[in-house]
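Before any comments, here is the structure.
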Amino acid sequence: MVHSSVLGFPRMGKLRDLKKATEAYWADKLSKDELLAEGKRLRLEHWKIQKDAGVDIIPSNDFAYYDQVLDHIQMFNAIPERYSKHGLSTLDEYFAMGRGHQKDGIDVPSLEMVKWFDSNYHYVKPTLQDNQTFKLSEDSKPVRHFLEAKEAGIITRPVLLGPVSFLHLGKADRGQKVDPISLLDKLLPVYEQLLKELKKAGAETVQIDEPVLVFDLPTKIRNAFKPAYEKLTALQGTEGPQLVLATYFGDIVHNFDVIDSALKGTHALHVDLVRNPEQLDKVVEHLGEKQILSVGVVDGRNIWKNNLKKSVEVVESAVQKLGKDRVIVATSSSLLHTPHTLESEQKLDSDVKDWFAFATEKAREVAVIAKAVTEGPASVKSELEANAKSLQARATSKRTNNPEVKKRQEGVTKEMHERQSGFPTRYDQQKEHLKLPLFPTTTIGSFPQTKDIRISRNKFTKGEITAEEYEKFIEKEIRDVIAVQDELELDVYVHGEPERNDMVQYFGERMDGYVFTTHAWVQSYGSRCVRPPIVVGDISRPAPMTVKESKYAASVSKKPMKGMLTGPITCLRWSFPRDDVHQSVQAQQLALALRDEVVDLEAAGIYVIQVDEPALREGLPLRAGAEREKYLSWAVDSFKLSTAGVKDSTQIHSHFCYSEFQDFFHAIAALDADVLSIENSKSDAKLLKVFIDEAYPRHIGPGVYDIHSPRVPSEQEIKDRIEEMLQYLKPDQLWINPDCGLKTRGWKETKAALGNMVAAAQYYRSKHEQK
């Protein structure tokens, strides 16, 4: 019999229940017991959804109040002393690591948070010490959750992040020199103890994720798998459960020597056949004699209906080689990256809605494929016929193809990607035009989105207020934001984006080719959820999208006003893209739409324009090589196409999340943006050395404080960051700004933090002007 499995399920709940409960707890409106009870309710609900869908193997320990890697950090007692020394409750200590803590005399920033592989999910980075020790927490969360499900009559497969991935994805704490992988011998006994406890609780199998196997790994990491899994697999069947080793987001062909030497002893191996279907035959050849293969054929990263007929054929090809008892049908990865259920979408056009499958529907797809292979296609005839009808309807729909868009793409020339002059000439004109001081200060774009803003937007959406009333409200919000910037004495202003719901959704709603949902929320980090728009057809801009608000803001501002746009790669990566057209084609369509917007902003008197590309790094293929260079080529071209239509005197900015860009710095330089702002506050300033090594000639704004936390940095703390930065950057290169936009922050902390930032910048400005 071919079994079905899901590698993980979304945590937030149908109506973002976990987000609401967690934020209520942070605001002291919900007790600890009430929060924990809500978490338990959601876990039981999600297990039952999967059971009702017919899934055979249901995951547990995929739930987290903030992040699954943070769960492991706390579970293994890998907690830096700056968090553990305050005597906080276990839950508050956990949240302090995730989001910082500034309360009751305790002031501690959060741990570093970075993207989970090439997804838009963020994980908390294990931060390790030279004298690091590990100890399993007394309240073993994986065991507790397994027993919860068992009590409800559901036997689950607990999910753990594997020891090699946990360490490789970690880092040495500031001032520490430890190589994380050198701690493996200290960490393994904790895994052994945990596996024994799970076996004692009744767990027959455990999913142990080692996603780093899709990377090009250093030799020391590759070599770590053998001692690790010799110990862990030795427990199988006796003292410990059977291990299902899971990989995802890429192929593992380049690491077959690791599979052969270290991992054939695991009970089963999971591979992602959505991302890399061509690896199937080679993986089969490298399986152990009795090792089971879990084939990930249902996409855990996108929302399109599965091609059931094609998936059944893939699974049957594996069955022909291995037999039904050695094949499991699975999602390609955890379904964490998909919305909860399509049932909540009552406003989507029925013809388009029929093209999609969210997490709940994907669980059913997995079960249908497994049944088709086990009992034959006739056993699910109606499901297969309905699926084929949906796929055909989408393929032939007029909504997918726009001849005018294709015609415009055919007319794109090489010259359209280049600015009129090189940076030195542009900078001379920009200095004369903008007259900015040394160490210019600005923000990344958004200011706090208050409850009043959300209420007014909701009223306008529901037709409860007129367009004129809403416009007047937005103009007042813009004036208020400008007044705050006047008070703070910032140098380049923004209008605050009060009219925008999301940095991608807002633009998608104003372009043809997109559709939108009402409840298709996906977790980004912590309690932060996003509702990605869906690209269903060729993309174009029927009218200006941001010009009205930016022009109004400039008319009531005494400083240069910065126009704010989301770049083509981020619009694409933070949407659910089409799977029937290459992403480079979709990116170019977006670039042409944004090019029109950039030119219109300049014509309206906006001479500083920021085109954000925080997802550029995220889209980078996980392995070096030809695929990565191809991606960078079309991604860079898309950005340049969107920004190159302006005069030399107009200053183009761009913003990037995270400073881990050493391995593709040549592409960053090739963007030819006049100013780059980068998320950097929790990264080592040494990472900025690449700007010296590569003789980067343009301007940079490394973030000086973390906006993901409500904590307010002191003026001295920001001065210290600037001092660090000046070891690697020239004074006339350096801009002073926060890490990211301020949308999720409150006004009190925003004003305090920006006030300290401006004071620190003015201190250095005065200091250098006196020289």
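Using Cα pairs under 8 angstrom and six or more residues apart, how large is the relative contact order of segment 254-370, in percent?
Reported as a whole number, the value is 27 percent.
Based on Cβ point charges of +1 for Lys and Arg and -1 for Asp and Glu, what charge dipole magnitude is obtained for segment 118-170 about its Cα centre, in debye rounded to the nearest 20?
My answer is approximately 100 debye.
Roughly how many debye, to the nearest 20, is the charge dipole of segment 219-344 about its Cα centre, given +1 on each Lys and Arg Cβ, -1 on each Asp and Glu Cβ, and no other charges?
Computed charge dipole of segment 219-344: roughly 120 debye.
Using θ = phi - 60° and the Karplus relation 6.51 cos²θ - 1.76 cosθ + 1.60, list the HN-Hα couplings for segment 31-40 in order, rounded to whole Hz, with x at every Gly or Pro.
Values, residue by residue: 7, 4, 4, 5, 5, 5, 5, 5, x, 5 Hz.
Give the whole-number value, in cubic angstrom per residue, of the convex hull volume spanned by the C-alpha atoms of segment 613-771. Spell out each step's value before the answer.
Details: hull volume 20.7 nm³, N = 159.
Taking only Cα atoms, segment 613-771 has a hull volume of 130 Å³ per residue.
Straight-line reach from LYS85: which lysines fall under 25 Å, measuring Cα to Cα and dropping same-chain residues less than 8 apart?
Output for LYS85: LYS32, LYS103, LYS125, LYS135, LYS141, LYS171, LYS177, LYS186, LYS682.
Using only Cα atoms, figure out Rg for segment 274-398 and give it as a multiple of 2.2 N^0.38 Å.
For segment 274-398, the normalised Cα radius of gyration is 1.11.
Please list the radius of gyration and Dmax for segment 215-302, considering alpha-carbon atoms only, with Å as the unit.
Cα-based Rg and Dmax for segment 215-302 come out at 13.1, 39 Å.
Equivalent ellipsoid semi-axes for segment 681-771, as square roots of 5 times the alpha carbon gyration tensor eigenvalues: give them largest first, rounded to whole Å.
Semi-axis lengths for segment 681-771 are 23, 16, 10 Å.
Using θ = phi - 60° and the Karplus form 6.51 cos²θ - 1.76 cosθ + 1.60, what ³J(HN,Hα) does each residue of segment 93-98 get, whole Hz, x for Gly and Pro?
Each residue's phi maps through the Karplus curve to give 4, 4, 5, 4, 5, x Hz.
Round to the nearest 10 and report in Å² the accessible area of HIS101, as given by a 1.4 Å probe over the protein chains' heavy atoms.
For HIS101, solvent-accessible area is about 30 Å².
Would you calculate the volume per residue, in Å³, of the smallest convex hull containing every Cα atom of the chain?
157 Å³
Relative to the compact globular guide of 2.2 N^0.38 Å, what is the alpha carbon radius of gyration of segment 404-526, as a ratio? Intermediate values should be presented prior to the final figure.
Values: Rg = 19.7 Å, N = 123, 2.2 N^0.38 = 13.7 Å.
For segment 404-526, the normalised Cα radius of gyration comes out at 1.44.
Give me the orientation-averaged projected area of the Cα convex hull of segment 9-63, in nm², one decimal.
That works out to 3.7 nm².
Can you list residues whose amide H is under 5 Å from ARG578's amide H, if they're 5+ apart or on another chain and H is modeled 1.01 Å from N?
Here VAL535 satisfy the definition.
Output wanted: per-residue J couplings in Hz (rounded whole) for segment 343-355, from phi through Karplus 6.51 cos²θ - 1.76 cosθ + 1.60, θ = phi - 60°, x for Gly and Pro.
Calculated HN-Hα couplings, in order: 4, 6, 8, 9, 10, 5, 4, 4, 5, 6, 4, 5, 8 Hz.
List the lysines whose Cα sits under 26 Å from the Cα of LYS462, skipping any in the same chain fewer than 8 residues away.
Those lysines meeting the cut-off are LYS14, LYS19, LYS20, LYS347, LYS353, LYS451, LYS472, LYS476, LYS548, LYS743.
So, for the chain, what is the accessible surface per residue at a probe of 1.4 Å, expressed in square angstrom?
Accessible surface, normalised per residue, equals 39 Å².
For segment 502-646, just say rounded, prolate or oblate: build the C-alpha gyration tensor, square-root its eigenvalues into a ≥ b ≥ c, call rounded for a/c under 1.5, and beyond that prolate if a/b exceeds b/c, oblate if not. Provide the component values of the computation, followed by the final result.
Details: a/c = 1.70, a/b = 1.38, b/c = 1.23.
Prolate is the answer for segment 502-646, as a/c is 1.5 or above and a/b outweighs b/c.
Looking at the square roots a ≥ b ≥ c of the eigenvalues of the Cα gyration tensor of segment 458-555, which shape do they give, rounded for a/c under 1.5, prolate if a/b is larger than b/c, or oblate?
Here segment 458-555 falls in the prolate category.
In the chain, carbon and sulfur make up what percent of the accessible area (probe 1.4 Å)?
The C+S portion of the solvent-accessible surface of the chain is 49 percent.
Please report Rg (one decimal) and Dmax (integer) in Å for the Cα set of segment 107-255.
Considering segment 107-255 through its Cα atoms, Rg and Dmax are 16.1, 49 Å.
P(r) of segment 648-714 in 10 Å steps, Cα pairs, percent per bin?
19, 52, 23, 7
Mean separation of Cα pairs under 8 Å and 6+ residues apart, divided by the residue count of segment 108-264: what relative contact order is that in percent?
That works out to 24 percent.
Explain nothing, just the number: dipole magnitude of segment 496-553 about its Cα centre with +1 on each Lys and Arg Cβ and -1 on each Asp and Glu Cβ, in debye rounded to the nearest 20. Walk me through the numbers on the way to the answer.
Numbers: 7 positive and 7 negative charges, 21 e Å.
So the magnitude is around 100 debye.
Could you list log10 I(q)/I(0) for segment 13-122 at q = 0.11, 0.14, 0.19, 0.24 Å⁻¹, which the Debye formula gives when each Cα is one point scatterer?
Debye curve over Cα of segment 13-122, log10 I(q)/I(0) at q = 0.11, 0.14, 0.19, 0.24 Å⁻¹: -0.42, -0.67, -1.13, -1.45.
Along each of the three principal axes of the Cα atoms of segment 550-629, give the extent in whole Å, ordering the values from largest to smallest.
Extents along the principal axes: 48, 23, 20 Å.
Quick query: amide H of ILE58 versus all other amide H atoms, modeled in the peptide plane; which residues come in under 5 Å with a sequence gap of 5 or more or a different chain?
ARG157
Out of residues 5 or more away from HIS655 or on other chains, whose amide H comes under 5 Å of its own, with H placed 1.01 Å from N in the peptide plane?
Counting only residues 5 or more places away or on other chains, the set is VAL611, ASP612, GLU613, SER677.
For the chain, what relative contact order do you get, as a whole percent, if you take Cα pairs closer than 8 Å and at least 6 residues apart?
13 percent
What do the square roots of 5 times the Cα gyration tensor eigenvalues come to for segment 305-361, in whole Å, largest first, as semi-axes of the equivalent ellipsoid?
Those come to 30, 14, 7 Å.
Which is farthest toward the positive dipole end of segment 600-653 among GLY625, GLN610, HIS653, measuring Cα position about the Cα centre, with Cβ charges +1 (Lys, Arg) and -1 (Asp, Glu)?
Positive-most Cα among the choices belongs to GLY625.
What does the convex hull of the Cα atoms of segment 68-112 come to per residue, in Å³, rounded to a whole number? Numbers along the way, then the final one.
Working: hull volume 3.0 nm³, N = 45.
Value for segment 68-112: 67 Å³ per residue.
The values are calculated or read from the model by the stated rules, or taken from the named source; none is laboratory data. Quick caveat: nothing in here was measured; it's all calculated off a predicted structure. Don't worry about glycine lacking a Cβ; one is built from the backbone with ideal geometry, like all the others, and counts go over all protein chains shown. To get the accessible areas, we keep the full protein, side chains included, count just its heavy atoms, and leave off ligands, DNA and RNA. Shrake-Rupley method; radii C 1.70, N 1.55, O 1.52, S 1.80 Å.
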